[in-house]
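One structure is given here, and the rest of the page talks about it.
Any read-out appearing in this document is the output of simple, stated calculations on the displayed coordinates, not a laboratory observation. Note that the coordinates shown come from a computational prediction; the quantities given were computed from them, not determined experimentally. Cβ coordinates were reconstructed from backbone atoms using ideal geometry, including for glycine residues, and neighbour counts include every protein chain displayed.
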Amino acid sequence: MNRLDGKVCVVTGAASGIGKRIAEVYAQAGGKVVIADLKLDAAEATATEIRNAGGDALAVAMDVTDEAQVVDGIAKAVAHYGQVDVLVSNAGIQIVNKITDFSYADWKKMLAIHLDGAFLTTRECLRDMETRKTGGAIIYMGSVHSHAASKLKAPYVTAKHGLLGLARTVAKEAAAYGVRANVICPGFVRTPLVDKQIPEQAKELGISEDEVIQNVMLKDTVDGEFTTVDDVANVALMLAAFETNALTGQSLVVSHGWYMQ
Ligand code: NAD
């Protein structure tokens with residue numbers, strides 16, 4: 001089994017959905033997890049659940065688009081646990097709209113959370129990893145939309161494609177001190193982020209919510225099934241525990257065959 005004994009793992013957006021499950025699975029594998037989220041109350045609740053189950057967790061308030069909060073949050077993680085070994089840059093939101101109806105403010109908000117957040121958390125964690133030279137793993141939460149496009153999701157598709165470039169650059173720059181960088185690209189997973197989109201897309205496309213699920217979200221999967229938080233968390237565990245630079249600069253698509261590389 002993949003183990004993370006004693007590894008300090010920062011997971012952003014870990015108060016909900018995919019990030020929360022990754023934090024739980026990392027803690028079960030022996031990792032010390034830092035639950036970094038915009039919502040401190042929800043982050044505290046996740047950390048408490050993990051501690052009650054016998055794990056080690058610290059909640060940290062962090063808006064990943066705010067440089068000072070990211071610097072402060074990673075410093076708190078290092079002060080508490082002594083180091084950072086794994087970063088999962090996972091925090092994200094979705095805003096759906098036609099390009100011609102997208103406000104510039106919403107475009108910038110999307111790019112800030114997905115790309116600025118990935119950059120800022122990467123920089124702060126890499127500064128720690130470079131100093132210590134004990135290696136590590138950086139994992140970005142991409143999407144099938146890192147490889148494919150869908151209507152109504154221009155900034156999301158743009159940002160998720162951008163993460164591939166960041167991961168490949170980190171893979172090259174940080175290999176010298178043993179840090180790997182990879183992207184996980186999930187298909188649709190039933191989390192609050194997706195549940196919010198179903199009625200929104202139904203309205204935009206003029207179809208029923210069931211048609212959004214069957215004819216938009218799951219249409220190209222091999223079996224008509226949603227990907228689960230466990231599917232994504234198990235891949236995140238494998239990438240975090242992998243021991244060499246053999247697996248770096250890659251993206252792994254976890255989507256029931258919706259997108260095949
Ligand atoms: P979610 O809404 O369940 O959780 C997202 C978490 O991110 C929340 O706890 C939220 O508070 C936090 N967050 C939002 N903005 C933040 C910010 N500025 N700073 C810090 N935290 C912030 O969503 P999810 O479905 O678990 O999504 C997690 C990631 O997975 C996102 O990057 C998303 O794009 C990606 N993803 C999701 C799916 C899916 O189908 N659910 C598919 C592919 C990729």
Original post:
According to the Cα gyration tensor, what semi-axes, each the square root of 5 times an eigenvalue, does the equivalent ellipsoid of the range 107-261 have, listed from largest to smallest in whole Å?
Top reply: 31, 17, 12
Original post:
With charges only on Cβ, +1 for K and R and -1 for D and E, what is the dipole size of the chain about its Cα centre, in debye, rounded to 20?
Top reply: 620 debye
Original post:
Taking the alpha-carbon set of the range 1-95, what are its Rg and Dmax in Å?
Top reply: 12.0, 38
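Could you list Y259, Y140 in order of exposure, starting from the residue whose Cβ has the fewest other Cβ atoms within 10 Å? Walk me through the numbers on the way to the answer.
On the way: Y259 18, Y140 27.
Ranked by crowding around the Cβ, least crowded first: Y259, Y140.
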**OP:** Sticking with the crude label model, points 7 Å out along Cα→Cβ, report the distance from F102 to V71 in nm, one decimal please.
**Re:** 3.0 nm
Original post:
Taking the alpha carbon gyration tensor of the range 182-261, what are the square roots of 5 times its eigenvalues, largest first, to the nearest whole Å?
Top reply: 29, 12, 10
**OP:** Scan the chain and note any complete DSSP helix (H) whose C-alpha atoms cover at least 27 Å along its axis and whose Kyte-Doolittle average is -0.5 or more.
**Re:** 154-174
Subject >> Binned Cα-Cα distance frequencies in the range 44-108 - 5 Å width, integer % >> reply: 3, 13, 17, 20, 16, 9, 9, 7, 5, 1, 0
Subject >> Whole-number D in µm²/s for the chain (Stokes-Einstein; Kirkwood sum over Cα pairs; 25 °C, 0.890 mPa s) >> reply: 134 µm²/s
**OP:** For K203, list the lysines whose Cα falls under 17 Å from its own Cα; do not include residues on the same chain fewer than 8 positions away.
**Re:** K98, K151, K153
**OP:** Averaging sequence separations of C-alpha pairs under 8 Å and six or more residues apart, then dividing by the length of the chain, give the relative contact order as a whole percent.
**Re:** 19 percent
Subject >> Over 23 Å (Cα to Cα) - which of K7/K196; K20/K76; K109/K196; K108/K160 fall in this group >> reply: K7/K196
Subject >> Net charge of neighbours whose Cβ lies under 14 Å from the Cβ of M141, counting Lys and Arg as +1 and Asp and Glu as -1 >> reply: +1
**OP:** Calculate the length of the line joining the C-alpha centroid of the range 203-249 to that of the range 90-158, in whole Å.
**Re:** 17 Å
